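One structure is given here, and the rest of the page talks about it.
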Amino acid sequence: MRLPRRLTASVAASALVVTALAACDSDSEASGKTDVVIGADLASGSAVDAAYARALQLRVEQVNASGQLGDYNLVLRIQDNRSDPTSSLRNISTLGDDPSVAAVVAGSCSECAVAAAKTINDKRVPTIALAPAEEVSTPVESRRYLFKLGPNAADSAAALTSELVRTNTKSVALLYSDDLYGKGGRSHMVKNLAKAGIEVTNQLPVKPTATDVTQTVGTLTDTEPDALVVWTGADQATLAATSAKVAKYKGRVYFDAAAAGDLFLPREAAAATNNTTMVFTQILAIDDVIATTPAKAARKQWFRDYTSRYGSYSGAASFGADAVSLIADAVAKAGTNRQRIRDILETSQTDGLSGPIRLTPDNHSGLMPQALTLLVARSGRWRLLS
């Protein structure tokens with residue numbers, strides 16, 4: 001029997017909590033090294049956070065095996081926030097009070113990271129959030145200990161608008177998630193489309209938990225736009241494309257970066273999503289990338305390692321791995337000193353597994369616009385558009 005996706009994610013993430021704690025504790029006891037804990041505030045019911053949990057665990061093991069931390073041994077400690085800001089705040093407060101915790105990685109819940117920003121600063125615990133909303137890392141003045149990895153709404157909107165201009169698109173309908181990230185994406189898209197002279201025929205929100213978007217998509221496609229832009233998570237984006245197909249919509253469909261899920265699209269949605277364009281990093285189409293640089297070779301190796309361990313690949317995984325790498329690099333230089341770890345993170349520059357990352361005192365959102373490219377769905381999986 002095949003488990004529903006959300007239940008599968010919950011089971012996987014819960015199992016990883018036990019595995020992460022048991023395996024790392026055992027390794028440190030055998031080696032005599034000092035444990036350095038990376039706390040992780042994730043939601044067990046989230047498919048994205050399940051991918052983060054897998055990536056964090058695999059990358060922690062790789063760092064420990066490399067010996068780069070000398071007498072230190074990374075330990076991953078995952079706390080379940082159930083996508084609830086109150087639970088998340090409690091988790092981060094508990095992790096912040098534990099002196100063995102050098103840094104925290106926060107998951108996909110933007111509202112959770114934003115609500116915890118003051119506590120993160122007050123506890124002075126360096127935190128890398130993998131949540132997409134721009135409010136996670138801005139304003140910098142009140143986010144001194146909070147950093148962000150992942151595509152930025154402004155960059156995704158710019159990339160999508162450029163492609164719409166290139167394809168001579170005259171009109172667009174917009175479906176967006178009714179949360180911090182979706183509203184931010186809607187704002188950036190509307191502004192960019194106006195500057196490009198592209199008409200917005202309609203724009204409608206959908207609740208992040210909605211499992212049926214048929215009526216909303218139908219209302220949007222009834223305006224007969226040249227393109228339908230979907231600014232939601234992966235499951236809802238797939239539903240939107242399927243609903244548009246059922247409505248006999250003949251225009252083009254575009255996904256923003258939050259729609260990036262697994263390497264292979266659900267079999268039942270393959271036909272509906274065919275030729276859909278998505279803005280994301282190269283990692284979901286890494287088979288199309290030639291390893292002409294050490295960074296590209298590292299991305300291809302990471303893809304193979306993750307797929308070998310877990311059987312498939314999730315687009316979110318590289319962000320989790322990059323978060324561990326950034327923290328590990330800081331620990332190698334600063335030990336367990338949180339203030340120094342924060343300072344090192346704030347000036348980190350690296351060609352990560354997800355793309356070029358640059359953090360500065362004025363910009364706590366590290367993924368560079370150059371990391372984004374355009375992918376196209378073909379035969380149930382993502383490929384480079386060009």
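None of the figures in this text is laboratory data; all of them are computed from the coordinates on show. None of these values were measured; they are calculated from a predicted model. Here the Cβ is made from the backbone with ideal geometry for all residues, glycine too, and neighbour counts use every protein chain on show.
Okay, here's what the table says:
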| item | result |
| --- | --- |
| Extreme residue, positive dipole direction of the chain, given options Ser108, Leu374, Trp231 (C-beta unit charges) | Leu374 |
| Those aspartates and glutamates that a straight Cα-Cα span of less than 15 Å connects to Lys296, excepting residues fewer than 8 apart in one chain | Asp287, Asp288, Asp305, Asp322, Asp351 |
| The chain, helix-only ellipticity at 222 nm - DSSP H runs n ≥ 4, -39,500 (n - 2.57), divided by all residues, nearest 500 | -14000 deg cm²/dmol |
| Rg to Rh quotient for the chain, alpha carbon positions, Kirkwood Rh | 0.97 |
| Dipole moment magnitude, nearest 20 debye, the stretch 327-377 about Cα centre, only Lys, Arg, Asp, Glu C-beta charged | 160 debye |
| Among Pro225, Pro126, Pro208: highest mean-square fluctuation, GNM of the chain, C-alpha pairs under 10 Å | Pro208 |
| Cα centre as origin, Lys/Arg/Asp/Glu Cβ charges: the stretch 122-171 dipole, Debye | 100 debye |
| Formal net charge of residues neighbouring Val136 (Cβ-Cβ distance under 10 Å; K, R +1; D, E -1) | -1 |
| Under the Karplus curve 6.51 cos²θ - 1.76 cosθ + 1.60, θ = phi - 60°, whole-Hz ³J(HN,Hα) for the stretch 221-227, x wherever Gly or Pro sits | 6, 4, 7, 6, x, 5, 9 |
| Using θ = phi - 60° and Karplus 6.51 cos²θ - 1.76 cosθ + 1.60, couplings along the stretch 125-131 (whole Hz; Gly, Pro as x) | 10, x, 9, 10, 8, 9, 7 |
| HN-Hα J in Hz across the stretch 340-357 - Karplus 6.51, -1.76, 1.60, θ = phi - 60°, x for Gly and Pro | 5, 4, 4, 4, 5, 4, 5, 10, 6, 9, 7, 8, x, 5, 9, x, x, 10 |
| Dipole axis of the stretch 55-201 (+1 Lys, Arg; -1 Asp, Glu on Cβ), positive-most option in Leu56, Ala158, Val136 | Ala158 |
| Mean Cβ neighbour count within 10 Å, used as a protection proxy, ranking 349-360, 182-193 highest first | 182-193, 349-360 |
| Between the stretch 274-291 and the stretch 165-198, the Cα center-to-center distance that results, in Å | 22 Å |
| The stretch 44-179 - convex hull of alpha carbons, volume per residue in Å³ | 146 Å³ |
| Subset of Lys33/Lys300; Lys195/Lys245; Lys33/Lys333; Lys148/Lys195; Lys170/Lys195 violating a 19 Å alpha-carbon distance limit | Lys33/Lys300; Lys195/Lys245; Lys148/Lys195 |
| Environment charge of Ala157, counting only residues whose C-beta is closer than 13 Å and scoring Lys/Arg +1, Asp/Glu -1 | 0 |
| Over 20 Å [Cα-Cα, the stretch 178-289], rounded percent | 39 percent |
| Estimated dipole of the chain in Debye, rounded to 20 [Cβ of Lys and Arg +1, of Asp and Glu -1, Cα centre] | 720 debye |
| Relative contact order, percent, the chain [alpha-carbon distance under 8 Å, six or more residues apart] | 16 percent |
| Compactness of the stretch 261-386, expressed as Rg and Dmax over alpha-carbon positions, Å | 16.4, 52 |
| Long-range amide H partners of Val75 with built H, under 5 Å | Val36, Val37, Ile38 |
